[in-house]
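First comes the structure, then the notes that go with it.
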Amino acid sequence: MSLIKVNNRSLGTGTVTHGVLPAGTVLSVNSARKVDTFSMSATSFADVPGLSVTVTPKSASSKFLVSASICCGNDWWHANNYFGIYEGGTTVGGDGTQPWIYQFGANDANAASEGDQFYDEVLRSPNTTSPITYKVVIASTNGSYAATVNRMNSASTKRGASFITVREIQG
């Protein structure tokens, strides 16, 4: 049996076999960061490669704070981008078919060289101990124009970064 000491003061002997953390304690943090580019020309949602995180809840009462930010290029004059976070195969937000349509900043004079940084954060309570995958998805509003990630449509030298972070919170 070992003696546990902090600053030469004895805390006790033996092994700690279990304990209870207070609600709201961060139990784990998992993230993925994407700095390479991705492009797609579809109006149906596609997973953004490299922007997914799979977690196994420590208990069924765990909550998950999911944060995602994605850098997208767009062609304002012709199309915008849809952006969303999925939990497994389920839309976390939005109306189920179009999570978070965003378009900020671009205008018809310089639309092809501007981009957007989209961000969302949601608190989830999945009530399971099975593994869960959270992922970022995108789509274009017009299949003739590409939705791009981490670069502007016509200005390929202008780059950005995207991420997803999942924090498990004690329930």
In segment 64-76, anything within 29 Å of T54 (Cα to Cα) and either modelled with pLDDT of 85 or more or open to solvent by 10 Å² or more (accessible area, probe 1.4 Å) (or both) is listed as F64, L65, V66, S67, A68, S69, I70, C71
A careful count of residues in segment 44-72 that are more than 10 Å from the chain's Cα centre (by Cα), under 28 Å from V149 (Cα atoms) and assigned to a strand (DSSP E or B) gives 10
Of (1) open to solvent by 20 Å² or more (accessible area, probe 1.4 Å); (2) modelled with pLDDT under 80, A79 fails just (1)
Subset of segment 27-48, residues modelled with pLDDT of 95 or more and among the β-branched types (V, I, T), comes to V29
Within segment 119-148, residues buried (at least 20 other Cβ atoms within 10 Å of the Cβ) and either touching a Ser or Thr at 6+ places or on another chain (Cβ under 6 Å) or small (G, A, S) (or both) come out as K135, A139, S140, A147, T148
Restricting segment 149-171 to residues that are modelled with pLDDT of 90 or more and either part of a loop (DSSP other than H, G, I, E, B) or charged (D, E, K, R) (or both), the one least open to solvent (accessible area, probe 1.4 Å) turns out to be E168
Check your understanding: Quick one: is V20 of a type in the set (A, V, I, L, M, F, W, C), at pLDDT 90 or above, open to solvent by 60 Å² or more (accessible area, probe 1.4 Å) and out of contact with any Phe, Trp or Tyr (no Cβ under 7 Å at 6 or more places or on another chain)?
Key -> no
Flag if S39 is in contact with a strand residue (DSSP E or B) (Cβ under 6 Å, 6 or more places away or on another chain), closer than 17 Å to V92 by Cα and part of a strand (DSSP E or B): no
Only one of S144, S130 is modelled with pLDDT under 90 and either touching a Pro at 6+ places or on another chain (Cβ under 7 Å) or part of a loop (DSSP other than H, G, I, E, B) (or both), namely S144
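The values are calculated or read from the model by the stated rules, or taken from the named source; none is laboratory data. Predicted model, so just to flag it, every value in this text is computed and none were measured. Counting neighbours? That spans all protein chains shown, and the Cβs are built from the backbone with ideal geometry, glycine included. With ligands, DNA and RNA removed, areas are computed over all heavy atoms of the protein, side chains included. Shrake-Rupley method; radii C 1.70, N 1.55, O 1.52, S 1.80 Å.
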